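Q: Mind having a look at this structure? Questions to follow.
The values are calculated or read from the model by the stated rules, or taken from the named source; none is laboratory data. Computed from a prediction, not measured in an experiment: that's the story for all the values here. Every residue, glycine among them, receives a Cβ derived from its backbone with ideal geometry; neighbour counts consider all protein chains shown.
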Amino acid sequence: MSTKLPKTSQRSLTRVLVVDDEPRMIGFIRMNLELEQIQVFEAHNGLEALDTIRTQLPDIVLLDVMMPELDGFETLRMLREFSDIPVIMLTAKADENDIVHGLELGADDYVTKPFGPRELSSRIKAVLRRHESKTPEEAILKIDDHLSVDFNQREVIVDGKRVKLRPTEYRLLYHLIENSGWTVPHDQILAKVWGYEYRDEAHYVRLYVNYLREKIEEDPANPRYILTERGVGYRFIDFKRKTA
């Protein structure tokens with residue numbers, strides 16, 4: 001049985017772990033993040049990264065994809081066995097298949113090399129905002145006899161069984177439910193859930209809608225709750241709100 005890491009406590013400095021086998025890349029990232037009063041740890045391979053995460057408890061991980069022996073994808077797969085810490089993948093290839101593969105393994109975002117310090121800082125802040133988002137006052141919202149949402153625990157309850165949501169899945173579902181009965185355009189979803197700087201990343205929405213459908217729909221191929229409005233966006237079914 002895997003052991004979950006304890007949640008990080010409030011600190012004066014954001015703690016970032018940079019995992020890359022290129023010392024020059026680590027040095028570039030360290031220099032720019034430290035200018036913003038961000039504390040930087042470093043690891044030069046996947047195994048070293050996993051040990052550092054266990055001992056130093058960083059707030060977020062910047063994880064290079066192309067590393068010898070244990071690449072970023074395998075490192076991420078092993079990391080997700082014991083921690084849900086936010087992860088931004090760093091890659092030299094802007095291949096959509098690689099991006100989707102990383103997101104499916106549990107990455108929170110991707111940054112393509114070469115990148116500027118402002119872009120990297122913006123992405124870090126956006127991912128941390130999603131992980132620190134507040135819950136609404138309602139504890140458990142009953143959609144119908146099949147589906148309820150526990151906002152405090154960030155879980156869905158499907159036919160009496162609790163299913164944990166990833167932070168981004170939770171934010172997406174929350175935003176769709178808050179606009180239930182209305183079609184929410186792709187760019188609005190991206191701005192609200194990921195941040196304004198993600199407005200051109202439409203594949204993020206498609207991927208995470210599929211994740212949610214796998215967790216809440218009886219038949220994900222024929223969704224009942226999250227409906228596609230082709231060429232526009234997505235709509236959560238209208239329902240009468242009941243709190244448990």
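Q: Within the stretch 54-90, count every residue that is within 17 Å of the chain's Cα centre (by Cα) and either outside the structural domain of MET25 (by TED's automatic domain parsing) or of a type in the set (S, T, N, Q) (or both).
A: Count: 2.
Q: Look at the stretch 215-234 and say how many of its residues are among the basic types (Lys, Arg), within 21 Å of the chain's Cα centre (by Cα) and either more than 24 Å from LYS164 (Cβ to Cβ) or not assigned by TED's automatic domain parsing to the domain that holds ASN179 (or both).
A: Final tally of qualifying residues: 0.
Q: Hey, could you check the stretch 203-244 for residues that are in a strand (DSSP E or B) and not charged (D, E, K, R) and say which is nearest to ASP95 (Cα to Cα)?
A: By that ranking, first place goes to GLY233.
Q: Shifting gears a bit: Go through the stretch 40-64 residue by residue and tally those that are surrounded by fewer than 22 Cβ atoms within 10 Å (Cβ to Cβ) and either assigned to a helix (DSSP H, G or I) or of a type in the set (A, V, I, L, M) (or both).
A: Of the residues in the stretch 40-64, 10 are surrounded by fewer than 22 Cβ atoms within 10 Å (Cβ to Cβ) and either assigned to a helix (DSSP H, G or I) or of a type in the set (A, V, I, L, M) (or both).
Q: Just checking, does the stretch 224-236 include any residue being within 27 Å of GLY116 (Cα to Cα), in contact with a strand residue (DSSP E or B) (Cβ under 7 Å, 6 or more places away or on another chain) and among the hydrophobic types (A, V, I, L, M, F, W, C)?
A: no
Q: Suppose the filter is on the phi < 0 side of the Ramachandran plot and at pLDDT below 85; does ASP84 pass it?
A: It is true that ASP84 is on the phi < 0 side of the Ramachandran plot and at pLDDT below 85.
Q: Can you find a residue that is touching a residue at least 12 places away in the same chain (Cβ under 8 Å), in contact with a Pro (Cβ under 7 Å, 6 or more places away or on another chain) and part of a helix (DSSP H, G or I) anywhere in the stretch 129-149?
A: Scanning the stretch 129-149, I find at least one residue that is touching a residue at least 12 places away in the same chain (Cβ under 8 Å), in contact with a Pro (Cβ under 7 Å, 6 or more places away or on another chain) and part of a helix (DSSP H, G or I), so the answer is yes.
Q: Just to be sure I understand, how many residues within the stretch 1-44 are modelled with pLDDT of 90 or more and in contact with a Phe, Trp or Tyr (Cβ under 6 Å, 6 or more places away or on another chain)?
A: Number of matching residues: 1.
Q: Among the residues of the stretch 170-179, are any among the β-branched types (Val, Ile, Thr) and within 22 Å of ILE124 (Cα to Cα)?
A: Within the stretch 170-179, none of the residues are among the β-branched types (Val, Ile, Thr) and within 22 Å of ILE124 (Cα to Cα).
Q: Would it be correct to say that ASP108 is surrounded by fewer than 19 Cβ atoms within 10 Å (Cβ to Cβ), within 13 Å of the chain's Cα centre (by Cα), within 23 Å of VAL205 (Cα to Cα) and outside the structural domain of ARG199 (by TED's automatic domain parsing)?
A: No: the conditions fail for ASP108.
Q: OK, next. Among the hydrophobic types (A, V, I, L, M, F, W, C) and more than 20 Å from THR168 (Cβ to Cβ): does that describe PHE73?
A: Against the criterion (among the hydrophobic types (A, V, I, L, M, F, W, C) and more than 20 Å from THR168 (Cβ to Cβ)), PHE73 does not qualify.
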